[in-house]
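Throughout, read-outs are computed from the coordinates displayed, never taken from laboratory work. Every value quoted in this text rests on a predicted model; they were computed, and no experiment measured them. Cβ: placed from backbone, ideal geometry, glycine included. Neighbour counts: every protein chain shown.
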Amino acid sequence: MLLRGFALSMEAALLHAVDEMCDQAPMRNMVTPGGHRMSVGMTNCGDLGWISTPHGYRYASKDPESGNPWPAMPECFLQLAASAAQAAGFDGFRPDACLINCYEPGSRLTLHQDKNERDFAQPIVSVSLGMSAVFQFGGLKRSAPCGKLLLEHGDVVVWGREDRLRFHGVLPLKGEPHPRLGERRINLTFRKAG
Ligand code: MD6
Ligand code: FE
């Protein structure tokens, strides 16, 4: 379910929290099991953080760069994730992981499924900030045709139930820089991973 502009009223608090988080656990370009450096910068907050390593994808309770636990999930993140999930019909969503993606010109995320979480009955809440991006959503097989959706600053998407394992990706940024974030798109994805 797409909730257009759902995060707009919390913009200032969200961006402030992202800045603080990146001071504690800086954005980095992780390496995939295939040996490629990802073009999207990533960091995490919450009890668990999603990481890619040359050995695979997984959730980890510590930032492998520093050995420290990931920064705590800010209260405004928890509130936004729970209220968006509720608006999409998922009561009681309490994420334990938030992956923060940062796109710059040329960054893209190839088609993938989110399947490192324990319980696929739990939704994923995805918040877009900054520059717009075209989000591709496909089917349950990589080869299925993709629909396209323009996600703009403040939009929130809730993924769940029969759509939870759809392939999806993000095309390179185009369009106008964002007044506050410049040529960047920040995406927050909230999950109950553990
Ligand atoms: C992004 N989002 O929008 C990347 N995954 O930058 C995702 O990969 C994603 O938005 C699972 C569920 C929702 C998402
Ligand atoms: Fe994903």
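A few comments on the model shown:
- Just one of (1) surrounded by fewer than 21 Cβ atoms within 10 Å (Cβ to Cβ); (2) in contact (Cβ under 8 Å) with a residue 40 or more places away in the chain fails for residue 91. It is (2).
- Qualifying strands (runs of 3 or more DSSP E) (wholly inside the range 1-118; at least 1 residues being touching a Cys at 6+ places or on another chain (Cβ under 6 Å)): 41-46, 97-103
- Within the range 105-121, residues that are within 11 Å of ligand 2 (Cβ to nearest atom) have Cβ atoms under 7 Å from residues that are part of a loop (DSSP other than H, G, I, E, B) and among the aromatic types (Phe, Trp, Tyr) in these pairs: 111/167; 112/167; 113/167, counting only partners at least 6 apart in sequence or on another chain.
- Residue 134 being touching a helix residue (DSSP H, G or I) at 6+ places or on another chain (Cβ under 9 Å), within 14 Å of ligand 1 (Cβ to nearest atom) and part of a strand (DSSP E or B): no
- Some residue of the range 136-151 being within 26 Å of residue 19 (Cα to Cα) and among the polar types (S, T, N, Q): no
- Here residue 59 passes the criteria (1) touching a Gly at 6+ places or on another chain (Cβ under 8 Å); (2) loosely packed, with under 14 Cβ neighbours inside 10 Å; (3) in contact (Cβ under 8 Å) with a residue 24 or more places away in the chain except the one numbered (2).
- Filter pass, residue 107 being surrounded by 15 or more Cβ atoms within 10 Å (Cβ to Cβ), more than 27 Å from residue 35 (Cα to Cα) and among the polar types (S, T, N, Q): no
- Those residues of the range 1-50 which are under 20 Å from residue 76 (Cβ atoms) and of a type in the set (Lys, Arg), in sequence order: 4
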